[in-house]
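Only one structure is covered here, and it is reproduced in the block below.
The values are calculated or read from the model by the stated rules, or taken from the named source; none is laboratory data. What you see is a predicted model, and the numbers here were worked out from it, not measured in a lab. Methodologically, a virtual Cβ is constructed for each residue, glycine included, from the backbone with ideal geometry; neighbour enumeration extends over all protein chains shown. Calculation scope for accessible area: heavy atoms of the full protein, side chains included, ligands and nucleic acids excluded. Shrake-Rupley method; radii C 1.70, N 1.55, O 1.52, S 1.80 Å.
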Amino acid sequence: MKIISKKDFDDFINALIKDESWNVIGVKSRGSKFAFGPLENAQELRLDYDVTLLPPKKYFFPQRETLFTYDLSGGFSAKNPDEAKPMVIIGVHPYDIVALLHMDEIFRETKSDPYYFNKRKASVIIGVNMQKMSKWNFSAYMGCAVIDYGYDLMLTDLGNRYAINTGSQKGEQLLAKYAKNVTPALARDIQIAGQKKREILSLSQQKFDFPPEFIPELLKDSYSNSSFWERHSEKCLACGSCVLVCPTCYCFDVKDNPDISLEHGERIRTWDGCLLEDFAKIASGENFRATRPTRYRHRYFKKGKYLFDRFGFISCVGCGRCSSNCLPNIANPVDLFNDMYNESLNNGAQAITATTHPEVNIQTEGNIDYVPKLATITKKVPMTLSETLFEVKLDDGTELGHKPGQFVEVSVFGIGEAPISLSSSPTVKGAFELCVRKLGNVTTRLHKLNVGDKIGIRGPFGNGFDVDSLKGKDLLFIAGGLGIAPLRSLFNYVLASRNDFGRVFLLYGCKEPKEILFGEELAALSLREDVDFRSTVNFCPENEVWTGNIGVITTLIPQISFDPEKTIAVLCGPPVMYKFVIADLKAKNMPDENIVMSLERRMKCGVGKCGHCQINQIYVCKDGPVFNYSKIKGVPEAL
Amino acid sequence: MKPKVAFFDFAGCEGDQLQVANLEEDLLALLGQVEVVSFREVMKEHSDNYDIAFVEGSCTRLQDEDRLKQIRKNAKIVVALGSCAAIGGINSLRNYKDLDSVKKTVYGDQAKLFDSYAARPIDAVIPVDAYVYGCPIDRDDFLHVVKSLLLGKKPETPTYPVCVECKKNENVCAFERGQFCVGPVTRAGCNSCCVNEGTICWGCRGLVDNPNENSHKEVLIKYGLTVDDAIGKFRLYFGWQEAKR
């Protein structure tokens, strides 16, 4: 520990500001509140603040950030934003420092987010121990009120001087270069600093009735307690304030922002929040968390359970910003969890304990690439009134290299990006196919493009089908409507190495004959002896001809006989289809592990970050879209 | 060929068209993309041959309906411009009063010469393809809608309230400043411009699709408004929407 007088500390800050190679950020007053902002001199710095309006994450993950700019005038060129300027942030409270450590893990899991880490690596964090505590703060309960890791320098106010703890070489060097008269701490300083930290822990005006480490366990049984969630969320305005001010929330939206010439523009990402109405809505209009109680519940589960299961931490540092920003006063986690705890005790729950921490192994494989590869539409085959098959080639001549069941993010610059399943088998080289339904803005625009037009492609994303585990098995494909599109990538793969598989069935259903996709290919299947193909329509209008089966897809299941133990059923269709098909397969004694399905959600980033495709603890874009039924049958939002 | 654009006004102050006329350099860039064939505030010429019609003002008379229907017939795309056209706006305040006394207040003893009925947004009369909310409209939001239409894209309108933008802009909440705000139930898209300037949100962009009105009225009362004042806060701009809900 070192000591610096307040006068010398001010000189240190002013020296930093004078050296223009730094962005110097500190806590300043803002009306009756406080906010991090650029410092013009040391006098502006308010280290006696209680809490800032927004956490310092805004400097690493800004409210609005350009991912790249594009220029369509000479073909296409995309430019990444510039490198970050070195930044020093002064006056970060310990809980906000811990929150940054949470963000670090989230933004580097699976793939690293270069926009976040460029700025994070170029920054120096000077923390300060709390001198005042917001009345909503419960960071002491979350273990985040005093810390000994995560900062470059940490200050403790000792009256006329600061005690400085050094947390990194970066911090040490900053001090050596810009600060004068820094002396080693005396024994008395160490004692006073220790006493100050003890006092901080007793400043809390919030009170948990139980140790917060019980939260993940407590949540386990509360999911289906809908009256609890309805009661607590009754006054929810769905305004998103609680999540927008949260230092550990990281969900975002991605949008295109063309300029008025329409030829140039930028793709931006902005903060989003799972409390907001359209957060889990997909282009077809289906909203997977349409009601306030389900979104309200999702927030608590994400913080207290889902991220705990993945990272081993409760995603809350106790800053209390959510509570203080909620006008109807229903966002205070302390109140909610106390109520949940007491209710479960009243309902005769046995003693609740802490969940064992999960094994955490964060792997990073390269950077996320938000800039799409340029690609050309090489074929456009209209299939129905609203569906078209596009053949696409990457302009750099490389193969997409996908697995059956994966998807890509398709960009139409100026409009945006949409997730589209790959319809072609990877055994077909040189190009890939996308069967696209005209639904949202991107897909509607895509339908207006022609052969030779340029689009952007990111991916492939998702896990795809585990092809090796299917080898030697009998396969029962069940496709409803557009569900044939992703299944076709696997089906054609199977046909390409037909001898590796046992019997193959394909059951395909759609609303009416004019909606049939891949009609010619399917007709050719009927002639094959090594495939049992059957199709059905829900109804046939009077002026159309249909000689086949009429009825929903499940009416085809009794028509075939298969060995449930030896057969793997592969399902894809509209959300409503799964429930009925699974029930019928189970009635035929098919084990859960033999049912595999592909799910559709709002997959925006494709890399498990933006949060839109999340169903309970699962990120569909990363953990799926292909799931084994045995793994998701207990996931309430999945089916 | 550049799409032909026309502007029309009904019951309103024409402040939204003024915002368009005040686009400055953006207006020149915009004129590179569209051909304006009718715009009473800035030009004498008029043509009935247009693709996109921007309609300002609410519909307050039976005879307005014919004119609206004719615009709908001529245009491929009809855009409601500003609060009066989009949500009924401030004009709808009068729907809560006796129509005869309203007419008397405005026209005095000539009242019987003027025909009028309850003020309403234009989509109560004709189908509307896109909306530019606000009183007045926000210029950037107007450009956003125009760019979307030129790209053949349905303009994305926030379904979340102004609080989202307020939080991103790191404003001190109006309630913390001892003021009363309807931002928590008002459709965003204005970048919380009024609160950024230290005032409150009056609700000019209308209610979000699924507002929790009762909860927010409770909030207003909890923070010290009388029930009547809370209702008044909601009526200023939400009058038509509330009556419909």
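Which of the residues that make up the stretch B:49-99 are of a type in the set (Asp, Glu) and closer than 18 Å to B:Val37 by Cα? Answer for the stretch B:49-99, where residues must be of a type in the set (Asp, Glu) and closer than 18 Å to B:Val37 by Cα: B:Asp51, B:Glu56. When you look at A:Ile260, is it surrounded by 15 or more Cβ atoms within 10 Å (Cβ to Cβ), within 14 Å of chain B (Cβ to nearest Cβ) and at pLDDT below 95, yes or no? In short, yes.
Taken together, the residues in the stretch B:1-42 that are open to solvent by less than 50 Å² (accessible area, probe 1.4 Å) and more than 14 Å from every other protein chain (Cβ to nearest Cβ) amount to 18.
For B:Leu143, the conditions (1) open to solvent by 60 Å² or more (accessible area, probe 1.4 Å); (2) within 14 Å of chain A (Cβ to nearest Cβ) are fulfilled apart from (1).
Yes/no per residue for (1) modelled with pLDDT under 95; (2) within 12 Å of chain B (Cβ to nearest Cβ):
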{"site": "A:Phe36", "(1), (2)": "no, yes"}
{"site": "A:Asp48", "(1), (2)": "no, no"}
{"site": "A:Gly74", "(1), (2)": "yes, no"}
{"site": "A:Asn80", "(1), (2)": "yes, no"}
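Looking across the stretch A:1-50, the residues that are farther than 29 Å from A:Asn325 by Cα, among the acidic types (Asp, Glu) and open to solvent by 40 Å² or more (accessible area, probe 1.4 Å) come down to A:Asp10, A:Asp11, A:Asp19, A:Glu20. Within the stretch B:65-88, the set of residues being open to solvent by 10 Å² or more (accessible area, probe 1.4 Å) and either without any contact (Cβ under 8 Å) to a residue 12 or more places away in the chain or under 16 Å from B:Ser116 (Cα atoms) (or both) comprises B:Glu65, B:Asp66, B:Arg67, B:Gln70, B:Lys73, B:Cys84.
Residues to consider are A:Asp253, A:Asp309; find the one that is within 14 Å of chain B (Cβ to nearest Cβ) and surrounded by fewer than 23 Cβ atoms within 10 Å (Cβ to Cβ).
Values: A:Asp309 fails: within 14 Å of chain B (Cβ to nearest Cβ).
Just one listed residue meets the conditions, A:Asp253.
Would you check if there is a residue in the stretch B:190-198 being among the β-branched types (Val, Ile, Thr) and out of contact with any Cys (no Cβ under 6 Å at 6 or more places or on another chain)? Among the residues of the stretch B:190-198, not one is among the β-branched types (Val, Ile, Thr) and out of contact with any Cys (no Cβ under 6 Å at 6 or more places or on another chain), which makes the answer no. Residues that are part of a helix (DSSP H, G or I) and open to solvent by less than 10 Å² (accessible area, probe 1.4 Å): does the stretch A:596-617 have at least one? Within the stretch A:596-617, not a single residue is part of a helix (DSSP H, G or I) and open to solvent by less than 10 Å² (accessible area, probe 1.4 Å).
Any idea which residue in the stretch A:390-428 is most open to solvent (accessible area, probe 1.4 Å), counting only those that are part of a loop (DSSP other than H, G, I, E, B), closer than 24 Å to B:Leu150 by Cβ and of a type outside the set (Val, Ile, Thr)?
Per the stated criteria, the residue is A:Phe413.
Within the stretch A:228-238, identify whether any single residue is away from every other protein chain (no Cβ under 14 Å), surrounded by fewer than 17 Cβ atoms within 10 Å (Cβ to Cβ) and either modelled with pLDDT of 95 or more or closer than 30 Å to A:Cys274 by Cα (or both), and answer yes or no.
In the first step, residues of the stretch A:228-238 are kept if they are away from every other protein chain (no Cβ under 14 Å); the result is A:228-229.
Now restrict to residues that are surrounded by fewer than 17 Cβ atoms within 10 Å (Cβ to Cβ): none.
No.
Of the conditions (1) touching a residue at least 60 places away in the same chain (Cβ under 8 Å); (2) at positive phi; (3) not polar (S, T, N, Q), B:Phe238 satisfies every one except a single condition; which number is it? B:Phe238 satisfies all of (1) touching a residue at least 60 places away in the same chain (Cβ under 8 Å); (2) at positive phi; (3) not polar (S, T, N, Q) except (2).
Can you find even one residue in the stretch B:185-200 that is over 13 Å from A:Leu237 (Cβ atoms), outside any loop (DSSP other than H, G, I, E, B) and polar (S, T, N, Q)? The answer is yes, given that some residue of the stretch B:185-200 is over 13 Å from A:Leu237 (Cβ atoms), outside any loop (DSSP other than H, G, I, E, B) and polar (S, T, N, Q). The residues on offer are B:Cys181, B:Cys163, and the sole one that is crowded, with 22+ Cβ neighbours inside 10 Å, within 7 Å of chain A (Cβ to nearest Cβ) and more than 25 Å from B:Gly32 (Cα to Cα) is B:Cys163.
Return yes when B:Val132 is away from every other protein chain (no Cβ under 11 Å) and either in contact with a Leu (Cβ under 6 Å, 6 or more places away or on another chain) or buried (at least 23 other Cβ atoms within 10 Å of the Cβ) (or both) and no when it is not. Write out each step before concluding.
Numbers: away from every other protein chain (no Cβ under 11 Å): yes; either in contact with a Leu (Cβ under 6 Å, 6 or more places away or on another chain) or buried (at least 23 other Cβ atoms within 10 Å of the Cβ) (or both): yes.
Considered against the rule, which asks whether it is away from every other protein chain (no Cβ under 11 Å) and either in contact with a Leu (Cβ under 6 Å, 6 or more places away or on another chain) or buried (at least 23 other Cβ atoms within 10 Å of the Cβ) (or both), B:Val132 comes out as yes.
Look at A:Leu507 and say whether it is modelled with pLDDT of 90 or more, assigned to a loop (DSSP other than H, G, I, E, B) and buried (at least 19 other Cβ atoms within 10 Å of the Cβ). Here the answer is no, as A:Leu507 does not meet what is asked.
Counted as qualifying within the stretch A:241-344 are the helices (runs of 4 or more DSSP H) with 2 or more residues that are more than 20 Å from the chain's Cα centre (by Cα), namely A:321-324. Only residues that are open to solvent by 30 Å² or more (accessible area, probe 1.4 Å), in contact (Cβ under 8 Å) with a residue 24 or more places away in the chain and of a type outside the set (Lys, Arg) were counted in the stretch A:429-463, giving 11. Taken as a whole, the structure leaves A:Glu637 outside the set of residues that are of a type outside the set (Lys, Arg), touching a Ser or Thr at 6+ places or on another chain (Cβ under 7 Å) and surrounded by fewer than 21 Cβ atoms within 10 Å (Cβ to Cβ).
Scan the stretch B:147-160 residue by residue and report those that are within 8 Å of chain A (Cβ to nearest Cβ), in contact (Cβ under 8 Å) with a residue 40 or more places away in the chain and either assigned to a helix (DSSP H, G or I) or open to solvent by less than 20 Å² (accessible area, probe 1.4 Å) (or both). Result: B:Leu150, single match.
Would you point out the residue of the stretch A:60-74, among those that are assigned to a loop (DSSP other than H, G, I, E, B) and open to solvent by less than 50 Å² (accessible area, probe 1.4 Å), that is farthest from A:Asp453 (Cα to Cα)?
Keep residues of the stretch A:60-74 that are assigned to a loop (DSSP other than H, G, I, E, B), which gives A:60-63, A:72-74.
Applying the additional criterion that residues be open to solvent by less than 50 Å² (accessible area, probe 1.4 Å) yields A:60-63.
Values: A:Phe60: 36, A:Phe61: 34, A:Pro62: 34, A:Gln63: 33 Å.
So, considering only residues that are assigned to a loop (DSSP other than H, G, I, E, B) and open to solvent by less than 50 Å² (accessible area, probe 1.4 Å), the one farthest from A:Asp453 (Cα to Cα) is A:Phe60.
Taking the stretch A:9-43 as the range and being over 17 Å from A:Lys57 (Cβ atoms), touching a Gly at 6+ places or on another chain (Cβ under 8 Å) and aliphatic (A, V, I, L, M) as the test, the residues that pass are A:Ile13, A:Leu39.
Looking at B:Glu213, is it open to solvent by 10 Å² or more (accessible area, probe 1.4 Å) and at the interface with chain A (Cβ under 9 Å from one of its Cβ atoms)?
Working: open to solvent by 10 Å² or more (accessible area, probe 1.4 Å): yes; at the interface with chain A (Cβ under 9 Å from one of its Cβ atoms): no.
Considered against the rule, which asks whether it is open to solvent by 10 Å² or more (accessible area, probe 1.4 Å) and at the interface with chain A (Cβ under 9 Å from one of its Cβ atoms), B:Glu213 comes out as no.
For B:Phe175, the criteria (1) surrounded by fewer than 23 Cβ atoms within 10 Å (Cβ to Cβ); (2) of a type in the set (A, V, I, L, M, F, W, C); (3) more than 10 Å from chain A (Cβ to nearest Cβ) hold in every case but one, which is (3).
Taken over the stretch A:268-291, the criterion of being within 11 Å of another protein chain (Cβ to nearest Cβ) and within 27 Å of A:Lys57 (Cα to Cα) is satisfied by A:Thr270, A:Trp271, A:Asp272, A:Gly273, A:Leu275, A:Leu276, A:Glu277, A:Asp278, A:Phe279, A:Lys281. Only one of the listed residues (A:Lys28, A:Lys7, A:Lys57) is assigned to a helix (DSSP H, G or I) and without any contact (Cβ under 8 Å) to a residue 24 or more places away in the chain. That residue is A:Lys7.
For the stretch A:549-570, check the following and say yes or no: at least one residue is out of contact with any helix residue (DSSP H, G or I) (no Cβ under 7 Å at 6 or more places or on another chain), without any contact (Cβ under 8 Å) to a residue 60 or more places away in the chain, closer than 21 Å to A:Pro382 by Cβ and open to solvent by 40 Å² or more (accessible area, probe 1.4 Å). No, there is no match, as no residue in the stretch A:549-570 is out of contact with any helix residue (DSSP H, G or I) (no Cβ under 7 Å at 6 or more places or on another chain), without any contact (Cβ under 8 Å) to a residue 60 or more places away in the chain, closer than 21 Å to A:Pro382 by Cβ and open to solvent by 40 Å² or more (accessible area, probe 1.4 Å).
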